[in-house]
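> Handing you a structure now.
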Amino acid sequence: FRGVNMEAAAVALTKPQIIVHVEKSLNYTVFDTKWIPCSAKFVVVGSHPRDTGALEIYELNKGELKCIAKREKSKPFKCATFGAANLHQRHVATGDFSGKLSTWDLENSEVPIYSIKGHSEIINSIDGCGGLGIGGGAPELVTGSRDGSVKVWDTRQKDAAVATMEPAEGETRRDCWTVAFGNSFSDEERCVVSGYDNGDIKMFDLRMMCLKWETNVKSGVCSVQFDRKDIPMNKMVATTLEAKFHVYDLRTHHPQKGFTSLSEKVSKSSTVWCTQHLPQNRDLFVTSGGTGDIYLWKYCYPAKRSRKDESGADIGVMGSVELIQNATLSSQPINSVDWSPDKEGLMVCTAFDQCVRVCVVTKLNRI
C-alpha cells in the first residue's frame, strides 16, 4: 500500500460507479434506444447499410442480451418514444428519414397502427406526453424536423397535426435537432421546447398557443429535456456542440432577461450528444459525449430560488452542477441514452461503433 492515498481510494469507492453490464455489436447504425415500460426489454432503431430501417427488440435475461424480434422497414428510423403510449398496449412511436411519423404494436409490427407523412424531411427528434401515467391531458407526440417545423400530434386525430410551430413564409428555416414536452401538470397546461442547429432554443405554450420564451446559446442544440414532464416547470438541460451544456431554472421568468441559466464545459467531449434525467431523482442526470464518455451530474439548489432585481421584478437564482462520476464506454460518440423507468440505475445506450450497451450505475440512492 506504499504510495497509495487510502483516503482518496475510500472516497472513490463510495461514489457511484458506471459499469457496463453487457454489450452487443450490431450490423447497422443505431440512432435511438428506449426501454419498454414495465419490462426488462428495450427497442433499438436505426439504419441498415442498404438504407432501410431497423426496428429490433432486445431482452435482458441472466446477464445476456437476446434479440426477440426484428423488423426491416423501407426507410431508416431516426428516433423513437413510448411517451404517448398507455401501459397496457405500450405502442412505440417512431420518426424516420422520409419525414413519416408512425406508431407500432410491438406484438405485431408488420404494419404501423398509425402513420402520417408529417414532415417534408427527416424527423430528427420525437417525444411523447400524456401516456404511461405521466403528465395530464391527452396523449400527444411532438416531432422536430430538418424542414424547420415542430408539430404536435394526437394519434386519435388521423389527418393533421393539432399544432404546428414553424417560421413565417420568407423566413429562414433552421434545422430542428431536438424537441421535448414539459409543464404537463394538469389537463390544460403543456409546453414544448425545441432546439436548433444555429443555437436557438424556443419554448411554446400549447395552452395559449404562443411563443413563451426563446434564447440562443451560440452553438447547435443537440438535446433538450425537462427534469420532469408532469410538474410545473422546474428546470431544463440543453446540450450543445463545442462540449457544453446549459441548465435553466424555469421556476422564475424575468420579463426582460427570461430564465436564469448556467453553462458547464465538459472537459474531454467535443459534442454533448444527449442528456437524460434519472426518473427516480430529478436532480441527477447524465450527458453523453462525442468521445464515447458518459458523465453523471448532480444539480445542487441555491438557498433561495429567486431574488428581486433593481426594478423589483423577480429573477431566478442558479445553483451549481457537480460532476459525480464519468466513464469511457466507447471509442465513438454515444448518441442515445435511456434510463429504465422501473429499475433505478439501469441504463441502455447506443454509440456509432454499432454497439448497444446495458449499464448499471451504482449507489444512486446515496447521493
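> Report, in debye and to the nearest 20, how large the dipole of the chain comes out about its Cα centre when Lys and Arg carry +1 and Asp and Glu carry -1 on their Cβ. Mind dumping the intermediate values first?
On the way: 45 positive and 44 negative charges, 162 e Å.
Using Cβ point charges on Lys, Arg, Asp and Glu, the chain gives about 780 debye.
> Using a Cα-Cα cut-off of under 20 Å, which lysines could be cross-linked to residue 298, ignoring same-chain neighbours fewer than 8 residues away?
15, 229, 235, 244, 265, 268, 343, 363
> Assuming R0 = 22 Å, what is the FRET efficiency of residue 218 and residue 267, from their Cβ-Cβ distance, to the nearest 0.05? Write down the numbers at each step before the final one.
Values: r = 19 Å, r/R0 = 0.87.
Efficiency, from the Cβ-Cβ distance: 0.70.
> Residue by residue through the stretch 310-324, which ³J(HN,Hα) values in whole Hz follow from phi under the Karplus form 6.51 cos²θ - 1.76 cosθ + 1.60 (θ = phi - 60°), with glycine and proline marked x?
4, 8, x, 7, 6, 9, x, 10, 7, x, 9, 10, 10, 7, 8
> Nearest 500 deg cm²/dmol is fine: what mean residue ellipticity at 222 nm does the chain get from its DSSP H runs of n ≥ 4 alone, each adding -39,500 (n - 2.57), divided by its residue count?
Working: 1 runs with 9 residues, N = 367.
Theoretical 222 nm ellipticity from helices: -500 deg cm²/dmol.
> Hey, another quick one. Taking only C-alpha pairs under 8 Å that are 6+ residues apart, what is the relative contact order of the stretch 135-216 in percent?
Values: 174 pairs, mean separation 19.3, N = 82.
The value is 24 percent.
> Right, something else. Under the rule of at least 5 residues apart or a separate chain, name every residue whose amide H is placed under 5 Å from the amide H of residue 359.
The answer is 21, 347, 348, 349.
> Follow-up question, since we're still on this one. Considering only protein heavy atoms, what is the solvent-accessible area of residue 134 at a probe of 1.4 Å, reported in Å² to the nearest 10?
Counting only protein heavy atoms, residue 134 exposes about 70 Å² to solvent.
> For the charge dipole of the chain, defined by +1 on Lys and Arg C-beta atoms and -1 on Asp and Glu C-beta atoms about the Cα centroid, which residue among 139, 198, 238 has the Cα displaced farthest towards the positive pole?
238
> Over the chain, what is the relative contact order in percent, taking alpha-carbon pairs closer than 8 angstrom and at least six residues apart? Display every interim value, and only then the final one.
Details: 1070 pairs, mean separation 50.0, N = 367.
About 14 percent, as a whole number.
> Given axes a ≥ b ≥ c from the Cα gyration tensor, I'd like to know whether the stretch 180-312 is rounded (a/c under 1.5), prolate (a/b larger than b/c) or oblate.
On the way: a/c = 1.45, a/b = 1.43, b/c = 1.01.
Rounded.
> Could I ask something else about it? Can you give the local net charge around residue 285? Use residues other than it whose beta-carbon is closer than 11 angstrom to its beta-carbon, Lys and Arg +1, Asp and Glu -1. Let's see the in-between values first.
Values: positive: 235, 282, 298; negative: 227, 283.
Overall, the nearby charge balance is +1.
> Something else now. Can you order the peptides 248-258, 33-43, 107-117 by their average number of other Cβ atoms within 10 Å per residue, highest first? Present the calculation step by step, with values, prior to reporting the outcome.
Details: 248-258: 16.9, 33-43: 19.2, 107-117: 13.0.
The packing order, highest mean first, is 33-43, 248-258, 107-117.
> Rounded, prolate or oblate: which one fits the stretch 272-367, using the alpha carbon gyration tensor with axes a ≥ b ≥ c (rounded when a/c is under 1.5, else prolate when a/b beats b/c, else oblate)? Could you put the intermediate results ahead of the total?
On the way: a/c = 2.96, a/b = 2.01, b/c = 1.47.
Note, shape of the stretch 272-367 comes out prolate.
> Quick one: Karplus J couplings for the stretch 350-356, per residue in order, coefficients 6.51, -1.76, 1.60, θ = phi - 60°, nearest Hz, x for Gly and Pro?
Each residue of the stretch 350-356 in turn: 10, 9, 6, 7, 6, 10, 10 Hz.
> What's the FRET efficiency of residue 50 with residue 308 using the Cβ-Cβ distance as r and R₀ = 45 Å, to the nearest 0.05? Present the calculation step by step, with values, prior to reporting the outcome.
Numbers: r = 61 Å, r/R0 = 1.37.
The calculated FRET efficiency here is 0.15.
> So, one more: Pairs of Cα atoms under 8 Å, at least six residues apart: use those to get the relative contact order of the stretch 81-192, whole percent. Don't skip to the answer; put the middle values down first.
Values: 282 pairs, mean separation 24.9, N = 112.
Rounded, it is 22 percent for the stretch 81-192.
> Within the chain, what whole-number % of the accessible surface is contributed by carbon and sulfur, with the 1.4 Å probe and all protein chains included in the calculation?
Values: 7680 of 16330 Å².
That fraction is 47 percent.
The values are calculated or read from the model by the stated rules, or taken from the named source; none is laboratory data. As the structure is a prediction and not an experimental result, all values here were calculated from the model. Here the Cβ is made from the backbone with ideal geometry for all residues, glycine too, and neighbour counts use every protein chain on show. Only protein heavy atoms, including side chains, enter the accessible area calculation; ligands, DNA and RNA are left aside. Shrake-Rupley method; radii C 1.70, N 1.55, O 1.52, S 1.80 Å.
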